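Notes to accompany the following structure.
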Amino acid sequence: MLKVKTPKNRRVQRELEKRAPRLVEKGKKTLLLQGTKTSNVLNTVLSEIYHLKRDNAIRYTRKNDSIRPFESGGETSLEFFSMKTDCSIICVSKAVRQLEFGSTSKKRPDNLVIGRTYDHHIYDLIEVGVENFKRMDSFTYDKKLAPQAGSKPFIVFSGEAFESVDELKHLKEVLLELLRGEVVDNLNLAGLGRVYVCTAISSNRVFLTHCALRLKKSGTTVPRIELVEIGPSMDFVVRRHRLPNESLRKDAMKTAKDKTHKKIKNVSKDALQGKLGKIYVPDQKLGEMVLPNKSKGVKRERREAKKKNSTNEPASKKQKEDS
C-alpha cells in the first residue's frame, strides 16, 4: 500500500481533490505496461489495444521487473503507476481505471493480466492467456469501414457461460469496463459503426473479435446490418483471477442518493397539462365596497338627471306666462 501524505498547501489540496474518487464517474483511462519478459505477440496486443483506445490510454514500453500482481508486495508498483499516470485530472472519478500488464513464461506463455483500481489501490485482477491472435493488418476490408476516432462501440457477449461461470462473469465485467470507453449521456447514432463480439467457447475460453457495421438496403426503412471483421481478434484463456475484498467492494459500489426536491406549495404536475398552479383569492365583499365619485355608473345617472331637468324647465316657464 502507498503511504498517504497530507497536503501542505491549498494548491496541492486542490489537485488531490481532483484525483479523489467520486460518486459519479465520468472517464477512465487505460494504462498499458510490460513485464519482465514480454513476447512479440503481447507487444502487438498492447499496441493494438492502445490504437483502439488512443484517446484514453497511456502505454509504457520499458520492462518492469518489480511488477508481480498476484504476489504479496508486487502491487506497490502498479499502484504507483496508477497514481502517476492519472492524466485525466478533471475526469478522475471514484472508480476504476484500467491496468493492463503483459508477461510471458514457459508455464504461462503470452500472459495478460487485466485489473482495475479503486482510489489508486488494486481492486481486482484477472489473468488470461492470448492465443490465435490476428492483428489488424492481416484483415482485408474496405477502408471506409475503418472505425473513426471517438466512435462508440457496441459490445456483444454471446454464451450462457457469461452468466453461469464465475471466472467468465468476472472477465465480462472487466472487458466491459475496458472496451466501452467514456460513459456519455447523449449519443449520436451516426457514430455507432463498430462492435466488439465476445463469444464464450467453453468454461474458460472466450473468443474476442472487432467488427465494423455495414448498412445495406433491405426494402424497408430499417437497413440490413452486416458485420465485417476488421481486427484484432484473439482467444482469451482464463488462468487466474482475484476478486475484491468485501470492504473495498462496498466502498467502490457506493452510489449517490437521490436528491429529494423541496416541495413547492400550490404547484402540481400533470402528464397532459404539464405544470399546474393554484392561486388563492380572498372573498370579495362587494356590498361593503366604497364606489368612487367618478365611477361610470354615477356619471351616467347625472347625465340622465340633467336631461330630465332640461325638458321640465321650458314647460314651467310657459305655464307662468299663461297665468
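The values are calculated or read from the model by the stated rules, or taken from the named source; none is laboratory data. Note that this is a predicted model, so its numbers are computed, not measured. Cβ sites come from the backbone with ideal geometry, for glycine too, and all protein chains shown count toward neighbours. For accessibility, only protein heavy atoms count, side chains too; no ligands or nucleic acids. Shrake-Rupley method; radii C 1.70, N 1.55, O 1.52, S 1.80 Å.
Here are a few things to note about the model shown:
- The residue that is surrounded by the most Cβ atoms within 10 Å (Cβ to Cβ), counting only those in the range 209-242 that are touching a Leu at 6+ places or on another chain (Cβ under 9 Å) and among the aliphatic types (A, V, I, L, M), is M234.
- Among the residues of the range 31-66, those that are open to solvent by 50 Å² or more (accessible area, probe 1.4 Å) and within 25 Å of the chain's Cα centre (by Cα) comprise Y50, H51, R54, D55, R59.
- In the range 30-84, residue modelled with the lowest pLDDT [restricted to those that are closer than 17 Å to R116 by Cβ and of a type in the set (G, A, S)]: G74
- Here is the figure for the range 111-142: residues that are at negative phi, assigned to a loop (DSSP other than H, G, I, E, B) and surrounded by 15 or more Cβ atoms within 10 Å (Cβ to Cβ) total 3.
- Selection count, the range 184-197, where residues are among the aliphatic types (A, V, I, L, M) and either over 27 Å from G150 (Cβ atoms) or open to solvent by less than 80 Å² (accessible area, probe 1.4 Å) (or both): 4
- One residue from E182, E167 being out of contact with any Gly (no Cβ under 9 Å at 6 or more places or on another chain) and not in a strand (DSSP E or B): E167
- Residue that is least open to solvent (accessible area, probe 1.4 Å) [pool: residues in the range 67-81 that are charged (D, E, K, R) and part of a loop (DSSP other than H, G, I, E, B)]: E75
- None of N40, N64 is closer than 22 Å to R108 by Cβ and free of Cβ contacts under 8 Å to residues at least 12 places away in the same chain except N40.
- For the range 17-29, taking the residues that are over 19 Å from V184 (Cα atoms) and either out of contact with any Lys or Arg (no Cβ under 9 Å at 6 or more places or on another chain) or at pLDDT 75 or above (or both), the one that is surrounded by the fewest Cβ atoms within 10 Å (Cβ to Cβ) is identified as E17.
- Residue match in the range 143-160 (condition: charged (D, E, K, R) and not in a helix (DSSP H, G or I)): yes
- Here L248 fulfils each of the conditions (1) without any contact (Cβ under 8 Å) to a residue 12 or more places away in the chain; (2) assigned to a helix (DSSP H, G or I) apart from (1).
- Any hit, the range 180-193, residues being closer than 20 Å to D55 by Cβ and of a type in the set (K, R): yes
- Residue within the range 223-241 that is on the phi < 0 side of the Ramachandran plot and modelled with pLDDT under 85 present: yes
- Checking the range 267-274 against the condition returns no match, with no residue being more than 30 Å from D119 (Cα to Cα), open to solvent by 100 Å² or more (accessible area, probe 1.4 Å), at pLDDT below 80 and outside any loop (DSSP other than H, G, I, E, B).
- Subset tally (residues that are among the hydrophobic types (A, V, I, L, M, F, W, C), open to solvent by 50 Å² or more (accessible area, probe 1.4 Å) and part of a strand (DSSP E or B)) for the range 198-208: 1
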